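To keep things clear, I will list the structure first and then write my remarks on it.
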Amino acid sequence: MGSQSQTLAWMLLPVLLLGMTCSLHGSLVKVNKGLKVKRGQLAYLDKSDLQFHIPHQKDACKVEVVLNEPITQRVGKVMPQVFDCHYLADEVKYVHNGCPLLKEDIVKLRLYRFTDSETYMEVFSLHVDIMEPDCSIIKLGPKSLEVPEFYGFSDAVDGNVVSFHYERRSSLECSIHLSNHDTHLPAHGQLVTGEPEKATKRGDEPESFIHLRQQLDNKERAMCKSEDCLKGLKLVKFTKIPCDDFLMMGLRYQHIDPPSPDIDYIAIRLDLKDTRSGSIYQSEQSWIPVRIVGAMPNQPPKPSFMSMFILEVDQFILTPLSTATLDAEDEETLKQLLVFNITKPPVDGFITHLTDHTRPISSFTWLDLNDMLIGYQPPNSSHTQRRNYEVEFEVHDFFFEKSPSMTVHMSVRNADTNAPRVSWNMGLSLLEGQSRPITWEQLQIVDNDNLNTVRVITVDGLQHGRLTVKGGKGFMFTVSDIRAGVVRYHHDDTDSTKDFIIFRITDGRHQTRHKFPIKILPKDDSPPFLITNMLLEVSEGQTALLRGSTLQASDLDSSDDYILFNITRPPQAGEVMKIPGPGLTGYPVSHFLQRDLSQSMLYYRHLGNEVFDDSFEVVLSDFHDPPNLSQPQVVPDLLTINIEQPITCQAHKECSRRRRPRHEKPKARQKGSTNNSRVNRSSPVSRFFRYLLPDHDVN
């Protein structure tokens, strides 16, 4: 692990500070202790793990998880991708995928601080220590899976190979998920069920021929992609199955892809679902190892000798790399899964991904290299002589073995042209609804003849904003306008994440076109809205669970767990109660969190009086300061509760129970007083859905 840490050392520092630098205040990161997570489980980011030098009330501040760095988040993921610097407890989590091969991981984060006039940005890394769990649901052994030969089969997966340990309750549903698409596992085999047909002796052939024909049959099965030629076997096509069925279905691993490492894996995810609320109570992931007898240990990738390892670059011009410049080979890993890590970046300029060419990268996939999406951005300084730079790479395979270092030589030659060119393009980053000047730090233009004659004309883009020059509407400006900071982009405050401008740059005789990217960070300005509002049925005088499937809201800008339901008009025939856990005393509440719904803590209790239709009204809010509020509901009943009357019997007559017909609406009631608190301009009324479907009684 020490060598891996060295290769990532330059990523661990806040090496990049784009936009306006924070020289007066130093790093914006106050505390960065990293994160500890149990293998196969999740861990929430705590305030003591990561803090920033940004007062809560002063400036908007966002943290973005960088996704286009495959050398990071190799065995887990941070969610959500964008979160507030002053994040809440249980809001930001790292989910480990169960891989047993690494003891650490790196998450690359991009920090934005937005003032009224400037954007500060800093890139830093969060270190993740992967610990062995003290207590886990999934336990491996005592038996391990083994394939006796190439194209062979393992024994069936049963309780001796893997077992599941959790509290068996009627309200918990245990399921196993398999997803080869997400994990690419098994890497060199396939999962089948059934008993493979055994080869039998034919006539007077020698006994040794039986084993030979069995090997040929197994190879034929391995090449087969349909069940017609599997001879007694079936391909596993399911992605979800109950835990007990998983251990009894006779699941086998078949080796299909030599040469391969001597160890392959079956990736599983176990979910414990609360059937009352429909939410995931607990989740855990694990890789079940499969030993392949006769195979060699995994070998590291090698540089491809067909590549030149030289790149010719024109001055100022972003130049793509290709596999003709840089390539690697690995007999055991598909090329699409190889990852190139930059261990020594160029002294000047940077390697970038063409989907966001304003940001340096430290790693990329072979697939992006093959698609020519990786490029070298030369420096924006002009020289009369050719300049040469060296960049060092190493290649990692699917199981994290790395190649020897390889060097690519970048040769930047002078450009012999009088056409105006963009020598530097860093794009803009701003918060939703803000405006920013396009300054010389973001966009630089050069011209050999006369820079004063160059005109920049807007010809396309601006899908979510507008451009002004010197305070007025404008579509054309000069280089001196850029230097003066009078060219300004204004975002239209829509829910958008990016924009762009296509500029035509001309000096009267020559012209070029250039794309200027704009990144928009979302702000929390939308109120929560209901996505589920279903009929609840309860017997007279009884208590029923408010399921997450009965009442549920969502928020586009923040965590759904922290949506607050404020009861502005309480129910008339009952009360909303919170029961924190089994055996604990419940109590009436005037507000509750969506997390309480998902954890099955909220109940409606009918008081037993002669009222058989009930409802209550809520205003939804988030934890933004000030909170974004939904409008008080204008429909007669926000949540309709259908109360079954008790069975009545008369002498010599059948017993009957009166229930309001399904199509009959409850009587309208006088609305409570509305809340005069701040109401967000984005009214969610049009997004409300009202379904009158019966739910089951929960007493």
Restricted to segment 114-163, and to residues that are among the acidic types (Asp, Glu) and outside any strand (DSSP E or B), which residue is surrounded by the fewest Cβ atoms within 10 Å (Cβ to Cβ)? 134
Among the numbered criteria (1) touching a His at 6+ places or on another chain (Cβ under 9 Å); (2) at pLDDT below 95; (3) part of a loop (DSSP other than H, G, I, E, B), which single criterion is violated by residue 61? (3)
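Just to check your reading of the model, which residue among 270, 247 is in a helix (DSSP H, G or I), touching an Asp or Glu at 6+ places or on another chain (Cβ under 9 Å) and among the aliphatic types (A, V, I, L, M)? Even if it seems obvious, please write down each step before you answer.
Working: 270 fails: in a helix (DSSP H, G or I).
Step by step, each of 270, 247 is checked, and only 247 is in a helix (DSSP H, G or I), touching an Asp or Glu at 6+ places or on another chain (Cβ under 9 Å) and among the aliphatic types (A, V, I, L, M).
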Scanning segment 320-362 residue by residue, the ones that are in a loop (DSSP other than H, G, I, E, B) and basic (Lys, Arg) total 0
Going by what's in this entry, would residue 546 be described as under 30 Å from residue 273 (Cβ atoms), in contact with a Phe, Trp or Tyr (Cβ under 7 Å, 6 or more places away or on another chain) and either of a type in the set (A, V, I, L, M) or surrounded by fewer than 21 Cβ atoms within 10 Å (Cβ to Cβ) (or both)? yes
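From the list 40, 19, which one is modelled with pLDDT under 85, touching a strand residue (DSSP E or B) at 6+ places or on another chain (Cβ under 8 Å) and either on the phi > 0 side of the Ramachandran plot or in the same structural domain as residue 428 (by TED's automatic domain parsing) (or both)? Walk me through it before giving the result.
Values: 40 fails: modelled with pLDDT under 85.
Just one listed residue meets the conditions, 19.
Does residue 314 meet the test of being more than 30 Å from residue 95 (Cα to Cα) and of a type in the set (Asp, Glu)? Even if it seems obvious, please write down each step before you answer.
Working: more than 30 Å from residue 95 (Cα to Cα): yes; of a type in the set (Asp, Glu): yes.
So residue 314 fits the description; yes.
In segment 64-94, which residue that is outside any loop (DSSP other than H, G, I, E, B) and touching a residue at least 60 places away in the same chain (Cβ under 8 Å) is farthest from the chain's Cα centre (by Cα)? Give the derivation first.
Initial filter on segment 64-94 (outside any loop (DSSP other than H, G, I, E, B)): 64-65, 76-79, 82-84, 93-94.
Now restrict to residues that are touching a residue at least 60 places away in the same chain (Cβ under 8 Å): 64, 82, 84.
Details: 64: 11, 82: 10, 84: 16 Å.
Among residues in segment 64-94 that are outside any loop (DSSP other than H, G, I, E, B) and touching a residue at least 60 places away in the same chain (Cβ under 8 Å), the one farthest from the chain's Cα centre (by Cα) is 84.
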In a loop (DSSP other than H, G, I, E, B) and either within 38 Å of the chain's Cα centre (by Cα) or at pLDDT 95 or above (or both), is that true of residue 276? yes
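May I ask you to verify whether residue 504 is outside any strand (DSSP E or B) and basic (Lys, Arg)?
Working: outside any strand (DSSP E or B): no; basic (Lys, Arg): yes.
Taking the combined requirement at face value, the residue does not satisfy it.
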Any idea how many residues of segment 164-188 are surrounded by fewer than 18 Cβ atoms within 10 Å (Cβ to Cβ) and part of a loop (DSSP other than H, G, I, E, B)? 9
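When segment 26-42 is examined, which residues are found to be within 20 Å of the chain's Cα centre (by Cα) and crowded, with 19+ Cβ neighbours inside 10 Å? Walk me through how you get there before you give the answer.
As a first pass, look at segment 26-42 and keep what is within 20 Å of the chain's Cα centre (by Cα): 34-42.
Those that are within 20 Å of the chain's Cα centre (by Cα) and crowded, with 19+ Cβ neighbours inside 10 Å: 35, 37, 39, 40, 41.
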Report, by residue number, each residue of segment 481-514 that is over 28 Å from the mean Cα position of the chain (by Cα) and among the aromatic types (Phe, Trp, Tyr). 489, 503
So, in segment 515-572, how many residues would count as being within 30 Å of the chain's Cα centre (by Cα) and on the phi > 0 side of the Ramachandran plot? 0
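Could you grab me the full set of residues in segment 104-131 that are farther than 23 Å from residue 71 by Cβ and either among the aromatic types (Phe, Trp, Tyr) or under 19 Å from the mean Cα position of the chain (by Cα) (or both)?
So in segment 104-131, the residues farther than 23 Å from residue 71 by Cβ come out as 113-120.
Listed by number, the residues that qualify are 114, 120.
The values are calculated or read from the model by the stated rules, or taken from the named source; none is laboratory data. Every value quoted in this text rests on a predicted model; they were computed, and no experiment measured them. Because the Cβ atoms are built from the backbone with ideal geometry, glycine has one as well, and the counts that use them run over all protein chains shown.
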